[in-house]
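The values are calculated or read from the model by the stated rules, or taken from the named source; none is laboratory data. The shown structure was predicted, so the numbers you read here are calculated from the model rather than taken from an experiment. When we count neighbours, we look across all protein chains shown, and the Cβ atoms used for this are built from the backbone with ideal geometry, even at glycine. Heads up: the accessible areas ignore ligands, DNA and RNA and are worked out on the full protein's heavy atoms, side chains in. Shrake-Rupley method; radii C 1.70, N 1.55, O 1.52, S 1.80 Å.
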Amino acid sequence: MLTAAGVRDWLRRFATAVDEHAAELTDLDRPIGDSDHGVNLQRGMHAVLAALDAAEPATPGAALVKAGSTLVSTVGGASGPLFGTLLRRAGKALGDAESADGPALAGALRAGLDAVVALGGAQVGDATLVDALTPAVEALEAGGSAQEAADAAARGAASTDELVARKGRASYLGERGIGHRDPGAASIALLFAALIEDAS
């Protein structure tokens, strides 16, 4: 069961992972983007932790909405709106429930995924974070564990190495972008890896 405290712990672990991988994420962004993904997401997650500590949301939904809204307001580029939309829409889907079991979390993250797709227009195969997010959500919807969702996200992120990007700045490179992992997909893999300790 995921509680408000569980969401805070999940996002704290994600923030730690972003800190540890910020340089790597920025390196991934350098050939295909603005060379700022790692730094931007790192700044955003620090703001998220501060906001959660200050507000102390009482429910997992409220915690996710607060986190998502903070990312949208503090992170530039595409990552703020996309990651923020994912978390905020998932939080709204959970509503005022005091906790979320596996199916509820899967449904909430599906709502978040749908909102991300509506915002950015990307589909699986476009070499974006959707390539990692979609299989992770599908794994949870099938009753899989957080570990299985994290594994699916990691495989999805790795798949972007061989795709021709069709969305975002990376799409300008065409086939020259093959061989470069999408940094947003790599970050989604970190997000789901951070979920493992709290989801059932």
* To do: Would you mind checking which residues have amide H under 5 Å from residue 2's amide H? H placed 1.01 Å from N; only 5 or more apart, or other chain.
  => 100, 101
* Quick one: with all protein chains in place, what share of the accessible area of the range 110-167 is carbon or sulfur, to the nearest percent (1.4 Å probe)? -> 52
* Asked: Based on the alpha carbon coordinates of the range 40-110, what radius of gyration and maximum Cα-Cα distance (Dmax) apply, in Å?
  -> 11.7, 33
* Can you give the Rg to Rh ratio for the range 97-138, taking only C-alpha atoms and Rh from Kirkwood? -> 1.05
* With springs connecting C-alpha atoms under 10 Å apart, model the chain as a Gaussian network and identify which of 106, 93, 58 has the largest mean-square fluctuation. => 58
* **Accessible surface, the chain, averaged per residue in Å² (probe 1.4 Å)** => 42
* FRET efficiency for residue 158 and residue 58, using Cβ-Cβ distance with R0 set to 41 Å, rounded to 0.05 -> 0.60
* How do the peptides 142-150, 95-103, 40-48 rank, highest first, by the average count of neighbouring beta carbon atoms within 10 Å per residue? -> 40-48, 142-150, 95-103
* **Helix 130-141 vs. the chain, principal-axis angle (Cα, 0 to 90°, nearest 10)** => 30
* On a 0 to 90° scale, report how tilted helix 4-29 is relative to the longest principal axis of the chain, with both axes built from alpha carbons and the result rounded to the nearest 10. => 10
* Structure fact -> Only helices counted: for the chain, with every DSSP H run of 4 or more residues adding -39500 (n - 2.57) and the sum spread over all residues, [θ] at 222 nm is -22500 deg cm²/dmol
* **Descending Cα extents along the principal axes, the range 49-162, whole Å** => 42, 34, 22
* Descending semi-axes in Å of the chain, equivalent ellipsoid built from Cα gyration tensor -> 26, 18, 14
